[in-house]
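What follows is a single structure, written as structure tokens, with notes after it.
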Amino acid sequence: MNESSTWTERSRRSIALGMGLLGLLVVLACSEGGEGHSTGEAQPGRRVASAAPGRVLVIGVDGASLRFTKQLMDRGRLPVLTKMMQQGASGVSRPQGPLLSPRIWTSVATGKLPRNHGIEGWVRVGDDGTPYLYSSRDRRARALWNIAGAAGMRVGVVNWLMTHPPEVVNGVIVSDHAAEGMEGDKLDMASQFARNMKGVTGQAQLGEAADVAYVAPASFEERVAAARNAAPLTEIENPFADREVWPDGGLNDFFRRVQANDEFAAGVALEIEAQERPDLMLVYLPGIDRLSHFLWVSVEDQSIIPEEKRWPQHVIDTQSKALTTYYEYVDALIGRLTESRGPDDLVIVMSDHSFETDVSGSHPRGVHDSAAARDGILIVKGRGVPQGRRDLVFRMIDMAPTLLSWLGLAPARDMDGRVAHWMQVDQPEAVASYDDIPIEYLGESSPEVDSRIIENLKELGYVE
Ligand SMILES: [Zn+2]
């Protein structure tokens, strides 16, 4: 499949589809001399007076190991995270098993456990036994971007798992299918999971998530395209660039794609930051996890691996150098993503789990299956953070209520999580639920959302 032609085709399609009522709202707001946003998009005008003087940035680093991150920090290899920890606090982020990334990152975004938010893993099974990759339409609970957006705050969401098709938000969403080759890689992964499920046949399908543009609003697509071709964001050399060591083909191409995808996601986030300065930004970097499934064993204590199963030393050295460099690279990306943040802002860097070595097969593998791999990294900085503490425990389900409170918005009683007790923040009185906020997906227009927008227009005096 030619990725670039698919991309162009979808871009065109979304420009046609993306001009729904939100487009009308922009036009009306501008015609009334409304305060245009820097992108030419208008503020919806219902911005609530927020108690928060600052903005929130969450960087999700899938699979970043607590143990290895600490080792590299001790060796002075992760200067950005080390400085952030010194200025702020650290601890662990704690999921509930099974350790499947889509479940966990959706819990972060919704404050709910998988049984309540609806995303159980990679694959959902259709009535006829067909496996489908979970999509944003399968998420039953409202996410931070829905809630903050409905309160008039600007949001930016980049590459967050299971955000395709993108929802129309007050800000920008670039879905997790946008990076080149990611849709195919996700389908492959889902198909692998499906093979182990009873009564399931065939390759995983996209279902309703197929043929939808990756970016909402469509007017941001040019910026996304620019991020695809931008100059390198960091000075760290791509660990897989040397074709002598990592010849073309197979897994090595996959490794290079993984790096390109993290670079793309960070680049898009920088574009959103420059254009929108969102109150809430969520960025997801999956590279460390994807690479660790193949390279983790090289940074493991080799004594836990039976001698006959160990890789030759030169292989271990090459792989461990690459994974170490990749951690340094992600550290540098985080440096870029956080450079515009000040002391009043809140920055959270977290992973959804760590890694461990499975020695049961013919070759040892990097996995995240048991409680040994459960806790992920957590480094937080900014207003309300108890500086100097190293013992924070942040449950995934506590993220959403905590971030909402930090932003001056109420948590909801139907969330499974609570406001983290260590965060120094006034806790607004909780509301019952946010799950009545209507959602519009890119490429469709729901009557419910349309009527809400028309109500807003009436309130603003644009419509009689
Ligand atoms: Zn993984």
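Every number in this text was worked out from the coordinates using simple rules, so none of it is lab data. All values reported here derive from a predicted model rather than from experimental measurement. Positions of Cβ are generated from backbone atoms using ideal geometry, with glycine treated the same way; all protein chains shown enter the neighbour counts.
Please give the peptides 243-249, 298-304, 220-226 ranked by average Cβ packing (other Cβ atoms within 10 Å per residue), highest first, as a rough proxy for protection. Let's see the in-between values first.
Working: 243-249: 10.1, 298-304: 15.3, 220-226: 18.0.
By packing density, highest mean first, the sequence is 220-226, 298-304, 243-249.
How large is ³J(HN,Hα), in whole Hz, for each residue of the range 197-210 in order, when computed from phi with the Karplus curve 6.51 cos²θ - 1.76 cosθ + 1.60 and θ = phi - 60°, using x for Gly and Pro?
9, 5, x, 10, 10, x, 7, 5, 10, 7, x, 5, 7, 7
Taking H as built 1.01 Å from N, whose amide H comes closer than 5 Å to the amide H of GLY118, not counting residues under 5 places away?
ARG140
Arranged by the count of other C-beta atoms within 10 angstrom, fewest first, what order do TRP145, TRP311, TRP122 take?
On the way: TRP145 27, TRP311 16, TRP122 24.
Fewest-to-most Cβ neighbours within 10 Å comes out as TRP311, TRP122, TRP145.
HN-Hα J couplings of the range 331-343 from phi, Karplus 6.51/-1.76/1.60, θ = phi - 60°, integer Hz, Gly and Pro as x?
After applying 6.51 cos²θ - 1.76 cosθ + 1.60, I find 4, 5, 4, 4, x, 5, 5, 9, 5, 8, 9, x, x Hz.
For ASN252 and ALA372, what is the calculated FRET efficiency with R₀ set at 30 Å and r taken between the beta-carbons, to the nearest 0.05? Each step should come with its number before you reach the end.
On the way: r = 29 Å, r/R0 = 0.98.
Efficiency, from the Cβ-Cβ distance: 0.55.
Using R₀ = 35 Å, calculate the FRET efficiency as 1/(1 + (r/R₀)^6) where r is the Cβ-Cβ separation of GLN192 and ASN229; round to 0.05. Walk me through the numbers on the way to the answer.
Details: r = 32 Å, r/R0 = 0.91.
Computed FRET efficiency for GLN192 and ASN229: 0.65.
Taking H as built 1.01 Å from N, whose amide H comes closer than 5 Å to the amide H of GLY91, not counting residues under 5 places away?
The answer is LEU378, LEU392.
I need ARG77, ARG142, ARG257 ordered by Cβ neighbour count within 10 Å, fewest first.
Details: ARG77 16, ARG142 27, ARG257 19.
With the fewest neighbours first, ARG77, ARG142, ARG257 line up as ARG77, ARG257, ARG142.
Determine the shape class of the range 324-376: with a ≥ b ≥ c the square roots of the Cα gyration tensor eigenvalues, call it rounded for a/c under 1.5, and otherwise prolate if a/b is greater than b/c, oblate otherwise. Walk me through the numbers on the way to the answer.
Working: a/c = 6.79, a/b = 2.22, b/c = 3.06.
Note, shape of the range 324-376 comes out oblate.
Gap in Å between the Cα centre of the range 65-123 and the Cα centre of the range 312-350?
A separation of 14 Å, based on Cα centres.
Amide H of ILE173: which non-local residues (sequence gap of 5 or more, or other chain) have their own amide H closer than 5 Å, using H built in the peptide plane?
VAL157, ALA216
Would you mind counting up the charge near TRP406? Only other residues with Cβ under 13 Å from its Cβ, with Lys and Arg at +1 and Asp and Glu at -1. Intermediate results must be reported in sequence, preceding the final value.
Values: positive: ARG55, LYS381, ARG383; negative: ASP279, ASP344, ASP345, ASP398, ASP426.
Charge balance near TRP406 sits at -2.
Taking the simple approach of a point 7 Å from Cα along Cα-to-Cβ for both ARG277 and ASP344, what is their distance in nm?
1.0 nm
Rounded, prolate or oblate: which fits the range 192-342, taking a ≥ b ≥ c as square roots of the Cα gyration tensor eigenvalues, rounded meaning a/c under 1.5, else prolate when a/b beats b/c?
Numbers: a/c = 2.16, a/b = 1.32, b/c = 1.64.
It comes out oblate by the Cα gyration axes.
Among the listed pairs LYS186/LYS321; LYS198/LYS321; LYS112/LYS309; LYS112/LYS381; LYS112/LYS321; LYS83/LYS186, which have their C-alpha atoms separated by more than 32 angstrom in this model?
Details: LYS186/LYS321 27 Å; LYS198/LYS321 40 Å; LYS112/LYS309 41 Å; LYS112/LYS381 24 Å; LYS112/LYS321 38 Å; LYS83/LYS186 34 Å.
Those over the limit are LYS198/LYS321; LYS112/LYS309; LYS112/LYS321; LYS83/LYS186.
Given R₀ = 56 Å, what would the calculated FRET efficiency be for ARG418 paired with GLU244, taking r from the Cβ atoms and rounding to 0.05? All intermediate terms of the calculation are to be shown ahead of the outcome.
On the way: r = 53 Å, r/R0 = 0.95.
Plugging the Cβ-Cβ distance into 1/(1 + (r/R0)^6) gives 0.60.
How do VAL172, VAL258 line up, fewest other C-beta atoms within 10 Å first? Kindly include the intermediate steps, with their values, before the conclusion.
Numbers: VAL172 29, VAL258 23.
The most exposed by this proxy come first: VAL258, VAL172.
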